[in-house]
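The values are calculated or read from the model by the stated rules, or taken from the named source; none is laboratory data. Remember, it's a predicted structure, so these values are computed and weren't measured experimentally. When we count neighbours, we look across all protein chains shown, and the Cβ atoms used for this are built from the backbone with ideal geometry, even at glycine. With ligands, DNA and RNA removed, areas are computed over all heavy atoms of the protein, side chains included. Shrake-Rupley method; radii C 1.70, N 1.55, O 1.52, S 1.80 Å.
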Amino acid sequence: MAVSIKTTRELELMRESGRRLEKVHDEMAKAIRPGISTWEINRIGEAKIRSLGGIPNFLHYNGFPAAICISVNDEVVHGIPSKKRILREGDIVSLDAGMIYKGYHSDAARTHMVGQVSPEVRQLVEETRQCFFEGIKYARAGCHLHDISAAINAHADKFGYGVVRDLVGHGIGTSLHEDPQIPNFRQKSKGIRLRPGMTLAIEPMINMGRPEVCWLDDNWTVVTEDESLSAHYENTVLITDGEPELFTLTQ
Ligand code: MG
């Protein structure tokens, strides 16, 4: 498995790509409210990507029909935006967005709460985000890839959550999906040794119930098998000798 090490120049472009994608998320976050359709959120996100000089990398990826993956409640990832899908008070909605800027990809996801949600739902959203931060404690040179997986899994276990196994994080750069794959669950092997200049999209997908997922008939939308809620949190991360740099989360 060849994991690319980016040059200083490449990292500058990835930083720019990530910083722009953060702005796309900010723009979409402002629009989240009961009554908005997932189609409208996609429209806002795609317009922002283009206004920042980017290209939506999810649009037409293996035929995906939109720029933003928008997954509501028991939908885990890859939900297709629709004018018929209206957010309601108490829902959670996961927005997964990516863009290409001057040939370099960025990828990030956030789960938002729509209006007031129950304490258990809020906990799922917040602890899924925390899973990412637990994971990146090991996203540094000298650690091994699966240290990240184990830390994410351990944090999810504290709450009895199910860690999705069928989908994983990934390397990122001139392609959206590069080596290595980054599981969010414990591995028997240590995985590769992390080196400065590796860029990784680390993305825990955490279910309130069991970890199993299935695909809807649209062949895209991934849902929890037990219909429990699911949350997703992702950033594009640079491995350094010290603290990891988060390209898609700078403030
Ligand atoms: Mg990703």
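Answer yes or no: is there a residue in segment 227-243 that is in a loop (DSSP other than H, G, I, E, B), in contact with a helix residue (DSSP H, G or I) (Cβ under 8 Å, 6 or more places away or on another chain) and either small (Gly, Ala, Ser) or at pLDDT 95 or above (or both). Don't jump to the end; show me each part of the working.
Let us first name the residues in segment 227-243 that are in a loop (DSSP other than H, G, I, E, B), namely 227-229, 233, 239-243.
Remaining after also requiring in contact with a helix residue (DSSP H, G or I) (Cβ under 8 Å, 6 or more places away or on another chain): 229, 233.
If we keep only those that are either small (Gly, Ala, Ser) or at pLDDT 95 or above (or both) too, we end up with 229, 233.
Yes: one or more hits.
Does at least one position in segment 104-117 carry a residue that is free of Cβ contacts under 8 Å to residues at least 60 places away in the same chain and crowded, with 19+ Cβ neighbours inside 10 Å? Among the residues of segment 104-117, at least one is free of Cβ contacts under 8 Å to residues at least 60 places away in the same chain and crowded, with 19+ Cβ neighbours inside 10 Å, which makes the answer yes.
Taking the stated definitions as given, is Ile239 in contact with a Phe, Trp or Tyr (Cβ under 8 Å, 6 or more places away or on another chain), closer than 14 Å to Ile136 by Cβ and among the hydrophobic types (A, V, I, L, M, F, W, C)? In short, no. Scanning segment 207-227 for residues that are away from the ligand (no atom under 15 Å from the Cβ) and closer than 24 Å to Ile148 by Cβ yields Asn207, Met208, Gly209, Arg210, Pro211, Glu212, Val213, Thr224. If you go through segment 91-103 and pick out every residue that is open to solvent by 30 Å² or more (accessible area, probe 1.4 Å) and away from the ligand (no atom under 16 Å from the Cβ), you end up with 2. Residues in segment 195-248 that are under 30 Å from Leu13 (Cα atoms) and open to solvent by less than 40 Å² (accessible area, probe 1.4 Å): 24 in all. Scanning segment 176-194 for residues that are open to solvent by 50 Å² or more (accessible area, probe 1.4 Å), in a loop (DSSP other than H, G, I, E, B) and within 13 Å of the ligand (Cβ to nearest atom) yields one hit, His177.
Residue count for segment 151-167 under the criterion of being within 16 Å of the ligand (Cβ to nearest atom), surrounded by 18 or more Cβ atoms within 10 Å (Cβ to Cβ) and part of a loop (DSSP other than H, G, I, E, B): the result is 1.
Evaluate segment 57-64: report whether one residue or more is without any contact (Cβ under 8 Å) to a residue 12 or more places away in the chain, away from the ligand (no atom under 14 Å from the Cβ), open to solvent by 40 Å² or more (accessible area, probe 1.4 Å) and under 19 Å from His177 (Cα atoms). Steps first, please.
Quick first cut of segment 57-64, residues without any contact (Cβ under 8 Å) to a residue 12 or more places away in the chain only: 60, 62-63.
When the remaining residues are screened for being away from the ligand (no atom under 14 Å from the Cβ), the result is 60, 63.
Among the residues that remain, those that are also open to solvent by 40 Å² or more (accessible area, probe 1.4 Å) are: 60, 63.
In the following step, the residues that additionally are under 19 Å from His177 (Cα atoms) were identified as 60, 63.
Yes, there is a match, as at least one residue in segment 57-64 is without any contact (Cβ under 8 Å) to a residue 12 or more places away in the chain, away from the ligand (no atom under 14 Å from the Cβ), open to solvent by 40 Å² or more (accessible area, probe 1.4 Å) and under 19 Å from His177 (Cα atoms).
Is it the case that segment 13-24 has a residue that's part of a loop (DSSP other than H, G, I, E, B) and open to solvent by 10 Å² or more (accessible area, probe 1.4 Å)?
First, the residues of segment 13-24 that are part of a loop (DSSP other than H, G, I, E, B): none.
Within segment 13-24, none of the residues are part of a loop (DSSP other than H, G, I, E, B) and open to solvent by 10 Å² or more (accessible area, probe 1.4 Å).
Listed by first and then second residue, the pairs with beta-carbon distance under 7 Å, at least 6 apart or on different chains, first residue in segment 172-187 and touching a residue at least 12 places away in the same chain (Cβ under 8 Å), second within 13 Å of the ligand (Cβ to nearest atom) and of a type in the set (Ser, Thr, Tyr), are Ile172/Thr199; Ile172/Thr236; Gly173/Thr199; Leu176/Tyr61.
Listed conditions (1) closer than 22 Å to Ala97 by Cβ; (2) free of Cβ contacts under 8 Å to residues at least 40 places away in the same chain are all met by Arg122, apart from (1).
For segment 29-51, the candidate set comprises residues that are more than 22 Å from His177 (Cβ to Cβ) and in contact with a helix residue (DSSP H, G or I) (Cβ under 6 Å, 6 or more places away or on another chain); within that set, the residue that is surrounded by the most Cβ atoms within 10 Å (Cβ to Cβ) is Ile41.
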